[in-house]
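One structure is given below, encoded as structure tokens.
The values are calculated or read from the model by the stated rules, or taken from the named source; none is laboratory data. Worth saying up front: this structure is predicted, and the values here are computed from it rather than measured. All Cβ positions, even for glycine, are placed from backbone atoms using ideal geometry, and neighbour counts span all protein chains on display. Ligands, DNA and RNA are stripped out before the accessible areas are found, and what is left, the full protein with its side chains, is counted by its heavy atoms. Shrake-Rupley method; radii C 1.70, N 1.55, O 1.52, S 1.80 Å.
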Amino acid sequence: MKCHFLLLGALLISSVLFAQKPKLPVHKDVPFVQEYSIKYYFKDAFEPLKAYTDLNGAIKVSTKSGLYQLYAGQFLYPGTLEKDVSYRPIADKKIANLGLYQHQFVMIDDKAILSNAWAGKLFTKHSLPDAYLLAGGKDFSFLISNGTDVVYLSKEGTSWKENNAIGKILDLKYDVTDNLFYILAENAIYSFSEKDKMLQKTYAANDLTCFELFSGKLIVGTKNGYLELDKTGKVVTPLQQKLPWPELTCISVIDNQLWFGSTSGAFMRKPDGKFNYYASERWIPSDKVIHIAKGDENSVLILTDKGLGKLVFTKMTLQEKAEFYDKQVRTRHIRNGFNGTLGHMTNGNLSTGRLEDSDNDGLWTSMYLGGEIFRYATTKDPKALQNCRESLEAMERLYSINGIPGFPSRSFERTGYKNNDKPWRHASDPEWDWKSTTSSDEVIGHIFAFGAMAELIDDKDLKSRSIALIDTLMSHVIKNDMYLIDWDGKPTLWGKWHPDYVNSFPTNVGDRKLNSSNITAMLQTAYHFTKKEKYKTKAFELMKKHGYYENLMRPMKIIGQAPANSDEWSKHLSGAWNHSDDEMYYMGYWGLYRYAFNDTLRAGYKKAIVDHWQFERPEKDGLWNILTAITGIPDFDLEEAVWYLQEYPLDMIDWTVKNSHRRDIELLPPNFIEQLTKEVLPPDEVGVIRHNNSRFMLDRNGRGSVELSAGDTWLLPYWAGRYLKVISAPTR
């Protein structure tokens, strides 16, 4: 009787514990603001001045060689700036510059201020033939300058003039609140009253470059930051130098936000005082910014010395972003079923790119396949199932093409293209070659994808084929004494899980922990789906007899550089934190946690996963955060994961990007985990990288030569989040 009560009590306790399991947070997928850029390049070298949009949405650019207009251009397919010949009477004039007045284009030439608006009635003559600066005041009055002289024009014409008395003039503005013009010179700011025709010095300082009126203040740019003045010239905010770059060239107010142009990109000041930084050809034709203005339909125009960048701000849900990326992958990145890279591009021109093989074709495809598996499990979308089928066929052929039972090739390609690359071997089919030297990161990726497919895909054929691949791969490993044996009968460089290799590393070298974690996950996955005792027996032998459980449970804080008396291989592998290892850990965590042999092991694995995640939190990598949710912990930085997904750029071309010069970031001393800054920068401000790179990488010399696939970088974390129900379906 006592036993029955004990059993009942245990059941009640377990049911209470189950009921109290923490509920995971869920991100509600509502539309957010997504940015992208449409670029327009000058064909020749010009000296640009201004870019504006009128109330009709027309965009014009003024240069010292006349007016230009936009031609063609769409996202990822740049247009050009062409000579504006749209209206002959204007094209025949010597237009010196362009401005806006009452949201209409106004122009200045050697004789007058004129416009095609207001039935062409605006035609105010002036006597300053080399004038090129203008600002409109009250009731069609204007202030103009040639850089030295200033002339005030009422409707009737010249009514005040100042000759070469205030130094080189850089810009003119009008304050509608106080009916005052402001004049920016290199070393001073002046105000001019229309009513009194009085010129008064407001502020004096050296190296002034630009200014703007904002919230009742003068925002003044210099060669080394900006400051804020009240309208009497009193400094209300001292010089601000913690900017992406302090050498300012222009300031604009757009939708109540301050925008700055500099000699190294453009940036917008956010309400929290930080900045969104727009530099590199992801955003603008060059980093030397000349002018910034409001564009049409929620866009911002950034004029540079080489052309115009039109930043478009549109509303989008995460699922809509996933649909965009799905099209990117399916139309440009599928090679023989692999998730591939478009390489060999010329300066970001997609038409010049060609699909290339990779050492990691199997890994990148496994990660893309994993995302499509989660997508199908969540939505039952037949397109996702077809994508799974195609990628699995490519993965299967990695095994069948080489004639080595259970050995996965790195890649395969049509013959004749890899003759000088030693790892490539001829297949029995004379039309094809395959790549050898397969590494452990490929293998763990395969097991992750095959396991997810076996668990989550309800297609019996795909399920059985994925289980067969798990079995053949892991049988190869066990048969060959925990090594991956290549065509030459020797282990590959990285395909080694034997205790003689794994435990040869000092306890603080990451490979000892990583290989123990990965092989345990692989054997658990194999046993879970095949129920073959050899996998379970081998796993427990490694964990108990050879210390693999102790290895994989070792805290991340212990991982570091090998001791001085270690072998050279250990020193080589532990010089710094290896971000490819992070990717391998997380590809293995799926099988390590979900297919654990028992609850005791699962509880231990959870501690190891969360311990690793704690070290990764500063990077805010969306994949690490979302996959950590499999452990059930309620705080896995969901907000940061969503931030990663929302901030990731739609443009996945590998542009040259630089951030190390920035003054608004806090650099850290060199450290083992390679965290270069106190806070990680948003994905759309750094180079496009995969999950196996540090998100703290500040500079990247991409040169627009490659477009990465979104299949592994973005779609996997998004669809994992959807499957784990921490990201909702879209709602509006």
If we keep only residues of segment 179-214 that are outside any strand (DSSP E or B) and modelled with pLDDT of 95 or more, then the residue nearest to the chain's Cα centre (by Cα) is D207
For segment 428-462 the number of residues that are in a strand (DSSP E or B), basic (K, R) and free of Cβ contacts under 8 Å to residues at least 60 places away in the same chain is 0
Note to self: Checking the structure you have, find out if any residue of segment 46-56 is outside any strand (DSSP E or B) and open to solvent by less than 90 Å² (accessible area, probe 1.4 Å).
What the structure shows: yes
Test result for D481, open to solvent by 50 Å² or more (accessible area, probe 1.4 Å), in a loop (DSSP other than H, G, I, E, B), of a type in the set (D, E, K, R) and within 30 Å of E550 (Cβ to Cβ)
yes
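Let's see how each residue does on (1) among the β-branched types (V, I, T); (2) open to solvent by less than 50 Å² (accessible area, probe 1.4 Å); (3) at positive phi; (4) part of a loop (DSSP other than H, G, I, E, B):
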{"residue": "I302", "(1), (2), (3), (4)": "yes, yes, no, no"}
{"residue": "A322", "(1), (2), (3), (4)": "no, yes, no, no"}
{"residue": "Y325", "(1), (2), (3), (4)": "no, yes, no, no"}
{"residue": "R330", "(1), (2), (3), (4)": "no, no, no, no"}
Pairs returned, first residue in segment 688-699 that is within 14 Å of E616 (Cα to Cα), second residue that is among the small types (G, A, S), beta-carbon separation under 6 angstrom, 6 or more apart or interchain, are N692/S580
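Conditions (1) of a type outside the set (D, E); (2) crowded, with 20+ Cβ neighbours inside 10 Å; (3) free of Cβ contacts under 8 Å to residues at least 60 places away in the same chain; (4) not in a loop (DSSP other than H, G, I, E, B), marked per residue:
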{"position": "S464", "(1), (2), (3), (4)": "yes, no, yes, yes"}
{"position": "L469", "(1), (2), (3), (4)": "yes, yes, no, yes"}
{"position": "W487", "(1), (2), (3), (4)": "yes, no, no, no"}
{"position": "R512", "(1), (2), (3), (4)": "yes, yes, yes, yes"}
{"position": "T525", "(1), (2), (3), (4)": "yes, yes, no, yes"}
{"position": "H528", "(1), (2), (3), (4)": "yes, yes, no, yes"}
Of the conditions (1) farther than 30 Å from L350 by Cβ; (2) touching a strand residue (DSSP E or B) at 6+ places or on another chain (Cβ under 8 Å), the single one that K607 does not satisfy is (2)
Taking segment 215-254 and the residues there that are assigned to a loop (DSSP other than H, G, I, E, B) and within 18 Å of D175 (Cα to Cα), the one that is most open to solvent (accessible area, probe 1.4 Å) would be K234
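Condition check ((1) assigned to a helix (DSSP H, G or I); (2) more than 29 Å from V688 (Cβ to Cβ); (3) without any contact (Cβ under 8 Å) to a residue 12 or more places away in the chain; (4) in contact with a Cys (Cβ under 7 Å, 6 or more places away or on another chain)) across all residues:
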residue: M584; (1), (2), (3), (4): yes, no, no, no
residue: G588; (1), (2), (3), (4): yes, no, no, no
residue: A603; (1), (2), (3), (4): yes, yes, yes, no
residue: K606; (1), (2), (3), (4): yes, yes, no, no
residue: A629; (1), (2), (3), (4): yes, no, no, no
residue: I633; (1), (2), (3), (4): no, yes, no, no
residue: E640; (1), (2), (3), (4): yes, no, no, no
residue: Q646; (1), (2), (3), (4): yes, no, no, no
residue: P649; (1), (2), (3), (4): no, no, no, no
Subset of segment 570-582, residues touching a helix residue (DSSP H, G or I) at 6+ places or on another chain (Cβ under 7 Å), open to solvent by less than 10 Å² (accessible area, probe 1.4 Å) and outside any loop (DSSP other than H, G, I, E, B), comes to D582
In this structure, does L676 turn out to be within 27 Å of G560 (Cα to Cα) and not small (G, A, S)? yes
Residues of segment 642-672 being over 18 Å from the mean Cα position of the chain (by Cα) and surrounded by fewer than 17 Cβ atoms within 10 Å (Cβ to Cβ), in sequence order, are H661, R663, E666, L667, L668, P669, P670, N671, F672
Only unsatisfied item for P563, checking (1) in a helix (DSSP H, G or I); (2) surrounded by fewer than 20 Cβ atoms within 10 Å (Cβ to Cβ), is (1)
When segment 679-732 is checked residue by residue, the ones that are at pLDDT below 95 and charged (D, E, K, R) are R732
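Let's see how each residue does on (1) modelled with pLDDT of 95 or more; (2) not hydrophobic (A, V, I, L, M, F, W, C):
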{"site": "V16", "(1), (2)": "no, no"}
{"site": "A19", "(1), (2)": "no, no"}
{"site": "P22", "(1), (2)": "no, yes"}
{"site": "V26", "(1), (2)": "yes, no"}
{"site": "D29", "(1), (2)": "yes, yes"}
{"site": "Q34", "(1), (2)": "yes, yes"}
{"site": "S37", "(1), (2)": "yes, yes"}
{"site": "L49", "(1), (2)": "yes, no"}
{"site": "L55", "(1), (2)": "yes, no"}
The lone condition I90 fails out of (1) out of contact with any Leu (no Cβ under 8 Å at 6 or more places or on another chain); (2) at pLDDT 95 or above; (3) open to solvent by less than 80 Å² (accessible area, probe 1.4 Å); (4) not basic (K, R) is (1)
In the set R389, R425, the lone residue that is out of contact with any helix residue (DSSP H, G or I) (no Cβ under 6 Å at 6 or more places or on another chain), under 26 Å from I485 (Cβ atoms), open to solvent by 20 Å² or more (accessible area, probe 1.4 Å) and outside any loop (DSSP other than H, G, I, E, B) is R425
